[in-house]
Amino acid sequence: MTAAVAIIGLGSRGLSVLERLLALTEHTPLRIELIDPVGDGAGVHALDQPDYLLLNTICSQVSMFPDPLTVGDTVRLTGPSLYEWALERRLRVAPDGFSVGLAGRPIEPWDFLPRRLLGEYLGWFLHTLLGNLPADVEVRLHRSAAIRLDTGGAELGIELASGTRLTVDRAFLTTGYTDNVGVEHPRLIGRPYPMPAQLDRVPAGHTVAIAGFGLSALDAMSCLTVGRGGRYSSTPDGLRYRSRQWTVGRAGPCVARTRETIASRRC
């Protein structure tokens with residue numbers, strides 16, 4: 001009898017679950033339902049986000065292929081880390097320090113690479129998994145959102161936004177980030193992603209408060225500084241930040257002027 005499993009959400013966590021299922025059930029009949037509106041494996045690491053939105057882990061420590069030290073003998077496929085994958089494609093870091101392409105210096109193991117590059121790596125990893133399925137495993141991809149999960153019976157019922165209804169024995173919820181709930185205010189941005197689009201409503205010259213100091217906070221600061229033309233440079237006095245402000249000239253069109261400040265953190 002073929003067992004049925006659903007993975008709801010196909011970002012990095014969903015891909016990790018898929019990899020483990022394929023490794024642990026190589027000789028067991030299994031049907032896997034992959035449910036994700038986009039279905040490219042990138043998750044929140046969208047391919048169209050700017051390169052200044054960086055990972056918070058160095059590239060040599062990012063890999064979708066598990067190490068035997070973590071999973072024992074159940075390694076089915078081996079492959080490159082993000083660092084090795086980028087080297088295979090001869091990618092390089094541009095002089096700005098964050099843009100990645102075919103020009104610039106070589107990528108180093110300790111570089112923090114753009115998250116959109118991780119999105120490309122995750123998509124490649126998904127393609128690799130689907131191209132190396134065990135003989136007894138069937139994988140079906142549903143590019144739709146799961147809108148209802150029925151848990152009342154012996155099996156789980158999953159209703160998709162497309163109208164399709166699936167029945168499975170087990171379901172993994174790997175939906176990743178969820179929205180903030182609570183206080184609502186016209187000037188409160190409770191859902192900061194996707195960036196920088198969600199921050200376009202913040203006018204130049206305004207004061208912004210950021211609650212929390214994790215990766216999302218760093219993304220927001222990058223969008224509001226580097227993403228708007230600001231640049232950092234090292235000086236003997238510390239880190240110098242030059243912002244670009246757009247003002248209206250006498251004749252009407254917008255002209256650019258810059259302002260420099262010394263950041264509190266020293267180099």
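So here's what we get for this one:
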read-out: Subset of the range 26-85 (residues that are in contact with a His (Cβ under 8 Å, 6 or more places away or on another chain) and either of a type in the set (A, V, I, L, M) or farther than 17 Å from GLY14 by Cβ (or both)); value: LEU34, ILE35
read-out: Residue within the range 93-109 that is among the β-branched types (Val, Ile, Thr) and touching a Phe, Trp or Tyr at 6+ places or on another chain (Cβ under 8 Å) present; value: yes
read-out: Every residue from the range 192-226 that is assigned to a loop (DSSP other than H, G, I, E, B), surrounded by 11 or more Cβ atoms within 10 Å (Cβ to Cβ) and among the hydroxyl-bearing types (Ser, Thr, Tyr); value: TYR193, THR225
read-out: Qualifying residues in the range 67-85 (those that are assigned to a loop (DSSP other than H, G, I, E, B) and within 24 Å of GLU108 (Cβ to Cβ)) - the one modelled with the lowest pLDDT; value: ASP67
read-out: Scope the range 50-63; condition surrounded by 19 or more Cβ atoms within 10 Å (Cβ to Cβ) and not in a loop (DSSP other than H, G, I, E, B); matching residues; value: LEU54, CYS59
read-out: Pair list, Cβ < 8 Å and 6+ apart or interchain, from the range 196-212 residues that are over 23 Å from ASP51 (Cβ atoms) to residues that are at pLDDT below 90; value: GLY205/GLN245
read-out: Where LEU126 falls short, out of the listed (1) touching a helix residue (DSSP H, G or I) at 6+ places or on another chain (Cβ under 9 Å); (2) not in a helix (DSSP H, G or I); value: (2)
read-out: Residues being over 21 Å from THR178 (Cβ atoms) and in a loop (DSSP other than H, G, I, E, B) - total across the range 1-49; value: 9
read-out: Selected residue (criterion: farthest from ALA42 (Cα to Cα)) from residues of the range 113-132 that are of a type outside the set (S, T, N, Q) and exposed (fewer than 14 other Cβ atoms within 10 Å of the Cβ); value: GLY131
read-out: Wholly within the range 136-189, strands (runs of 3 or more DSSP E) carrying at least 1 residues that are touching a residue at least 60 places away in the same chain (Cβ under 8 Å) and loosely packed, with under 13 Cβ neighbours inside 10 Å; value: 137-142, 170-173
read-out: Residue list for the range 86-116, filter: without any contact (Cβ under 8 Å) to a residue 40 or more places away in the chain and either outside the structural domain of ALA46 (by TED's automatic domain parsing) or in a helix (DSSP H, G or I) (or both); value: ALA86, LEU87, GLU88
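The values are calculated or read from the model by the stated rules, or taken from the named source; none is laboratory data. Remember, predicted model here, so these are calculated numbers, not experimental data. FYI the Cβ positions are ideal-geometry reconstructions off the backbone, even for glycines, and counts take in every protein chain you see.
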